[in-house]
Amino acid sequence: MITASQMRAARALLGIDQKALAELSGLSVPTIRRMEASAGNVRGVVDSLTKVVDALDQAGIELIGEGAASPAGGRGVRLKLPVAQP
């Protein structure tokens, strides 16, 4: 699974736009745009999701799932769970 926020963050870390991600993944820009407009987990054809995840992996992005460790090290960004306000 990949979230829309992860896709946008991955592009930001790579310094690429939606067009470049579309080219890397072999998808169209409108497809990337729709994926990134999803709320929460990206919805779409499994094949398209796999292409995006594979393209990001090849570009050096490690997608970290919720609660998962990052054993490979390296720099990254992760959203923390919100702290309950009293």
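Here are some notes:
- On a per residue basis, the chain carries 72 Å² of accessible surface, using protein heavy atoms and a 1.4 Å probe.
- If the segment from Leu13 to Arg43 were pulled out straight at 0.36 nm per residue, it would be longer than the present Cα-Cα gap by 8.6 nm.
- Separation of the Glu62 and Arg33 label points, Cα + 7 Å toward Cβ, nm: 3.4
- Both radii are taken from the alpha-carbon atoms of segment 1-70; with Rh as the Kirkwood radius, Rg/Rh is 0.92.
The values are calculated or read from the model by the stated rules, or taken from the named source; none is laboratory data. Please read these numbers as outputs of a predicted model, since none were measured by experiment. Cβ: placed from backbone, ideal geometry, glycine included. Neighbour counts: every protein chain shown. Ligands, DNA and RNA are excluded from the accessible area calculation, which covers all protein heavy atoms including side chains. Shrake-Rupley method; radii C 1.70, N 1.55, O 1.52, S 1.80 Å.
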